[in-house]
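**Student:** Submitted below is the structure of interest, expressed as structure tokens.
Bear in mind these aren't lab numbers, they're just calculated from the coordinates by the rules spelled out. Fair warning: this is a prediction, and the values are worked out from it, not measured in the lab. Reconstructed Cβ throughout: ideal geometry from the backbone, glycine too, with neighbour counts over all protein chains shown.
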Amino acid sequence: MAPIKSLLSPLSLLLLAARSSGHVLPRAAVDSSSAYDYIVVGGGTCGLAVASRLTENSNVTVLVIEAGESVYDNANVTSFDGYQSAFNTAIDWLYKTEAQTHADGRALVLHQGKAIGGTSTINGMSYTRVDAAQIDAWQEIGNEGWTWDNLYPYYRKQETFQIPNKHQEAGGSSYIKSYHGFKGPVSIGWPLNQAVHVLGAAVQSAYEALGLPASEDPNGGDLRGTTAYPSMMDEETRMRSDAARAYFWPHYPTRSNLALKSGTTVNRLLWSDEKDADGNVVAEAVEAVSNNGTTSILRANKGVIVSAGTIRTPQVLELSGVGNPKILSKANVTTRVNLPGVGENLIDQINNSVYASLKTNATYDDEAPVASYPNVTDLFGNNTSAVGAKLLADLPAYAEKIASENNNATSAADLLKLMKVQHGLLFNHGVAAAEVIHSSTGSKLDAEFWATLPFTRGNIHITSNDPKEQASINLNHFMMDWDAMSQAAVAKYIRKLYETSPMNNMVGAETSPSAASVPADATDATWIQWLKENYRSNFHLLSSAAMMPREIGGVVSEKLQLYGTSNVRVVDASVLPFQVSGHLTSTLYAIAERAAEFIEQADGRF
């Protein structure tokens, strides 16, 4: 097990009676002898990457505060086969959502990692980036400098790509060398004993017959196609390459400027009783509580980096008095920064699976499943233009509905502009509109799928000033017609694939949905009802502290600085302004790598 060292200094002060009026920290309470330059709130995917990069400078001191503990030798984490085995264990936050009123009143459980390494310790390890146009859209809505070309070096900086051997290539591995980095902390590759059999080849052949080509490498900014994508893993050891193993443990034992306080949850940020020259509030410390109930006030000399994740970051901010005054007042928290976008614009994806049996007695066990990334033309064919026109006509109503539920944090007019950008990504730029992961165990085939760009927006908000009380999470799944219709289109696309040679010679009866529940001539309404009864969250939650201009409901600037503050940044999935195709982790690492440079370039001004 990796060594756990003690903090460089005690860092524990007697908890002063917190001033309920904004949680101001009296200047006399600050103990400068037990302070760090930066405090990172959350030792997860982004938090550890930022902390690691900042402490490459030996003159910079960083304290990481993480609610979880080390999972360095936890078999549910380290194993390449470990996905979902850590769910519902002690390292899973197990967040509960509100009943989803548009999905037959179902409440859901959201799995997020509670460990040093965060959700990177329990996710599916998939390594795919995004379509280039999706990053360019961030600049289009007002985030200057956020383009694919500018972010691309940080994708390469994060990785050590393991070039596949001939056996792995025979099993479907393919790559374009120039897309990848070879000196980064995160190991990217395929299992050495990658399965080689006819099923994966049959899936790709059938897709090609439908017009969807094989992709030589999905990580160059164009996702469309089919791929046996790589994973975040070390090929030789078959171990997961999570944020802790990649960014943190290699440096923690030897860097005296990198400290960790695990098993400790940050309740809120504490503010100076004086503002800066521009009227911004100044964070001086954080209030944190350990698992044994001990509360500490921990000081940051230069700034605080909030990396608590899409679900916890809004809670920390609102408990600190940053958010919508109406929501804060109901929770008995005094407003320090009026920032209505906090907790709004929450975006998730809907996940379903189609299961089928094999016609033959052959069995197949995949280690590197085949994924497909179709665009709207692949899904809707000759109807694409009509579908796009109908969606465009529906967008004003979508915007009005979301604005009515988000306290007008983003106006209907601004939401419409944002939604038109997303519409353009789908119907003008042809970004991946869905992901389908084809895998097999024995004689059972699984096609797990999700439409990538829903238009629904939900929210996360505190309902109490008690940090132990979970915030209210409402995902609003299926609120918009597009989300249900596009998910149904993917399901029908999978059926079409199974009817296409050579898959039609291999696939037997569908076991879910059965022909009885969703017949061949089923209407969209029948499909959608089945989807609602059988879906789960895709656990790709983001946008609850969106990087957008403040006047349209943004929470952080293009430099990830929290509006209305002088020295707080947010660096995690909550800042992404749009949902993305592909998997999140590669993009989160890229954002964290760039954020560390923002902080370094600020030279103490944060």
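**Student:** Write down the percent of antiparallel bridges among all DSSP beta bridges whose residues are both part of the chain, to the nearest 5.
**Tutor:** Values: 55 of 83 bridges.
Around 65 percent of the beta bridges assigned by DSSP in the chain are antiparallel ones.
**Student:** Enter the angle in degrees (range 0 to 90, nearest 10) between the Cα long axis of helix 309-319 and the first principal axis of the Cα atoms of the chain, meaning the one along which they spread out most.
**Tutor:** Relative to the chain, helix 309-319 is tipped by roughly 30 degrees.
**Student:** Quick check: convex hull over the Cα atoms of segment 85-195, volume per residue in Å³, rounded to an integer? Please list the in-between numbers first.
**Tutor:** On the way: hull volume 21.5 nm³, N = 111.
Output value, Cα hull per residue: 193 Å³.
**Student:** List the lysines whose Cα lies under 29 Å from the Cα of LYS183, skipping any in the same chain that are fewer than 8 positions away.
**Tutor:** LYS5, LYS114, LYS157, LYS166, LYS261, LYS559
**Student:** Does anyone have the angle between helix 384-405 and the longest principal axis of the chain? Alpha-carbon axes, 0 to 90°, nearest 10?
**Tutor:** That helix lies at roughly 30 degrees to the long axis.
**Student:** Can you classify segment 211-350 as rounded, prolate or oblate using the Cα gyration tensor, where a ≥ b ≥ c are the square roots of its eigenvalues, rounded means a/c under 1.5, and otherwise it's prolate if a/b beats b/c and oblate if not?
**Tutor:** Values: a/c = 2.53, a/b = 1.52, b/c = 1.66.
Since a/c reaches 1.5 but b/c is at least a/b, the shape of segment 211-350 is classed as oblate.
**Student:** Work out the charge dipole of segment 122-277 with +1 on the Cβ of Lys and Arg and -1 on the Cβ of Asp and Glu about the Cα centre, then indicate which of PRO153, GLY181, SER241 is farthest towards its positive end.
**Tutor:** Looking along the dipole axis, the top candidate is SER241.
**Student:** Under the Kirkwood approximation for Rh and a Cα-based Rg, what ratio Rg/Rh is obtained for segment 506-606? Numbers along the way, then the final one.
**Tutor:** Values: Rg = 21.3 Å, Rh = 17.0 Å.
Ratio of gyration radius to Kirkwood radius for segment 506-606: 1.25.
**Student:** Shape verdict for segment 134-277, please, from the Cα gyration tensor: rounded (a/c under 1.5), prolate (a/b greater than b/c) or oblate.
**Tutor:** Working: a/c = 2.67, a/b = 1.57, b/c = 1.70.
Oblate is the answer for segment 134-277, as a/c is 1.5 or above yet b/c matches or exceeds a/b.
**Student:** About the Cα centre, and with charges only on the beta carbon of Lys, Arg (+1) and Asp, Glu (-1), how big is the dipole of the chain? Nearest 20 debye, please.
**Tutor:** Values: 45 positive and 61 negative charges, 184 e Å.
So the magnitude is around 880 debye.
**Student:** What nm distance separates the two modelled labels at SER517 and SER411, each placed 7 Å from Cα along Cα→Cβ?
**Tutor:** Going from the SER517 label point to the SER411 one covers 4.6 nm.
**Student:** On to the next question. Can you give me the angle between helix 148-157 and the longest principal axis of the chain, using Cα atoms only, in degrees from 0 to 90, rounded to the nearest 10?
**Tutor:** 80 degrees
**Student:** Ok, one more. Nearest 500 deg cm²/dmol is fine: what mean residue ellipticity at 222 nm does the chain get from its DSSP H runs of n ≥ 4 alone, each adding -39,500 (n - 2.57), divided by its residue count? Display every interim value, and only then the final one.
**Tutor:** On the way: 14 runs with 158 residues, N = 606.
Value at 222 nm, helices only, nearest 500: -8000 deg cm²/dmol.
**Student:** Report the normalised scattering of the chain as log10 I(q)/I(0) at q = 0.05, 0.07, 0.11 Å⁻¹, calculated by the Debye formula with identical scatterers on the alpha carbons.
**Tutor:** One equal scatterer on each Cα of the chain leads to -0.21, -0.41, -1.02.
**Student:** Here is a further query. Answer rounded, prolate or oblate for segment 272-390, using the Cα gyration tensor with square roots of eigenvalues a ≥ b ≥ c: rounded when a/c is under 1.5, else prolate when a/b is larger than b/c, else oblate.
**Tutor:** Prolate is the answer for segment 272-390, as a/c is 1.5 or above and a/b outweighs b/c.
**Student:** Follow-up. Below 8 Å, C-alpha to C-alpha, sequence gap of six or more: please give me the relative contact order for segment 195-243 in percent. Could you put the intermediate results ahead of the total?
**Tutor:** On the way: 35 pairs, mean separation 10.3, N = 49.
Relative contact order for segment 195-243 comes out at 21 percent.
**Student:** On to the next question. For segment 406-499, report the translational diffusion coefficient in µm²/s to the nearest whole number, using Stokes-Einstein at 37 °C, 0.692 mPa s, and a Kirkwood Rh over Cα pairs. Each step should come with its number before you reach the end.
**Tutor:** Details: Rh = 16.3 Å.
Value of D from the Cα-based Kirkwood radius: 202 µm²/s.
**Student:** Once you have the Kirkwood Rh of segment 467-541 from its Cα pairs, apply Stokes-Einstein at 37 °C and 0.692 mPa s and quote D in µm²/s.
**Tutor:** On the way: Rh = 14.5 Å.
Approximately 226 µm²/s, per Stokes-Einstein.
**Student:** Right, here's the next one. Where the centroid of each part is defined by its Cα atoms, how far is segment 126-175 from segment 433-482 in Å?
**Tutor:** 23 Å
**Student:** Something else about it: Which of the trypsin sites (Lys or Arg not before Pro) found in segment 135-236 are in a DSSP loop and have at most 10 neighbouring Cβ atoms, other than their own, within 10 Å? Mind showing how you got there, number by number?
**Tutor:** Details: sites: ARG156, LYS157, LYS166, LYS177, LYS183, ARG224; in loops: LYS183, ARG224.
Sparse-neighbourhood loop trypsin sites (Lys or Arg not before Pro): LYS183.
**Student:** Additional query: Please sort 500-509, 39-48 by packing, taking for each peptide the average over its residues of neighbouring beta carbons within 10 angstrom, highest first. Walk me through the numbers before you get to the answer.
**Tutor:** Values: 500-509: 15.3, 39-48: 30.7.
Final packing ranking: 39-48, 500-509.
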